[in-house]
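Only the coordinates and a few stated rules stand behind these numbers; no lab work does. Only a predicted model underlies this, so the values are computations on that prediction, with no experimental measurement involved. When we count neighbours, we look across all protein chains shown, and the Cβ atoms used for this are built from the backbone with ideal geometry, even at glycine.
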Amino acid sequence: MLDQFSRTTLLLGKERMQKLYQSRVAVFGIGGVGGYCAEALARSGVRKLALFDDDRICLTNINRQVIATRSSVGKYKVDVMRERILDINQKAEVEAHKMFYTKENADSLDLSAYDYIVDAVDTMTAKLELAVRAKAAAVPIIASMGAANKLDPTAFEVADIYETSVCPLARVMRRELRRRGIDRLKVVYSKEAPLSPLEDEDNSCAANCICPPDVKRKCDSRRQVPASNAFVPPVAGLILAGEVVKDLSAMGEDAR
């Protein structure tokens, strides 16, 4: 019988699709990158998803986040993403965790419960902690490097962190991961040099923050608010999802 995954089954076959149905994937960060990744995973047949993000949708998210619309402004990102995934697949099992991942709360999560981890967060400390914890739990992880301040969606590549170049975030990650004894990390990164935001008094989020009132990390607390668009972060998110699907369906336990 045909269903919403029939066209994917034509490519992967029933056995590989079954692997996706049974896999449990955690996506950390449901923003411009992570939102598209989570949706692509759901549309690919991944039935069990855990979403982690404590942020609410802001008006300024509409330019790039798949869950951001006028009607969703002010709502928790994980709640909106969960509803969207269930509308794609009513049999999906989606956990919505309103959580900002840190070293302090990392012990509350058992990462070994997941078959794959997607790091789409935007803080260095969280990325490092996820990489270290994923290795300790023997769970495959893929991480997104910087997608902000860029205009070329064709500049993304998939590589080990120690084979990256140009990306400033990847450069710092290499140094810090080496200090922590992490000898490899699969990443999606861009070879496009980041641009400098054209910020002035009118378009400055730091000076004119319109985040929902109870958001903990407002724009005015950031050193610099990154510039972004509708076509670069989504590409990074879709590449992340593609790698997860390929690893889970084609490699199974070998991905570990």
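Give me the one-decimal nm value for the distance between modelled label points at Glu163 and Val73, 7 Å along each residue's Cα-to-Cβ direction.
About 4.4 nm, to one decimal.
If you restrict to DSSP beta bridges whose two residues both lie in the range 1-137, what percentage is antiparallel, to the nearest 5?
In the range 1-137, approximately 5 percent of DSSP beta bridges are antiparallel ones.
Tell me, how many Å apart are the Cα centres for the range 133-203 and for the range 72-115?
23 Å
Spin-label point model (7 Å from Cα, Cβ direction): what's the Arg180 to Glu15 distance in nm?
Rounded to a tenth, the inter-label distance reads 3.7 nm.
Hydropathy at least -0.5 by Kyte-Doolittle, axial extent at least 15 angstrom from the Cα trace: which helices of the chain, defined as entire DSSP H runs, fit?
Once both thresholds are applied, what remains is 77-88, 124-137, 233-246.
Quick check on the chain: of the DSSP beta bridges with both residues there, what percent are antiparallel, nearest 5%?
25 percent
In what sequence, highest mean first, do 76-82, 64-70, 192-198 appear when ranked by Cβ atoms within 10 angstrom?
76-82, 64-70, 192-198
Kindly put Thr125, Thr164 in sequence by how many other C-beta atoms sit within 10 Å of each C-beta, fewest to most.
Fewest-to-most Cβ neighbours within 10 Å comes out as Thr125, Thr164.
Checking the a/c ratio against 1.5 first, then a/b against b/c, what shape does the Cα gyration tensor give for the range 94-213?
Oblate, because a/c is 1.5 or more while a/b does not exceed b/c.
Convert 37 °C to kelvin, take the viscosity as 0.692 mPa s, use the Kirkwood radius over C-alpha pairs of the chain as Rh, and evaluate the Stokes-Einstein diffusion coefficient in µm²/s, rounded to a whole number.
Result for D is 176 µm²/s.
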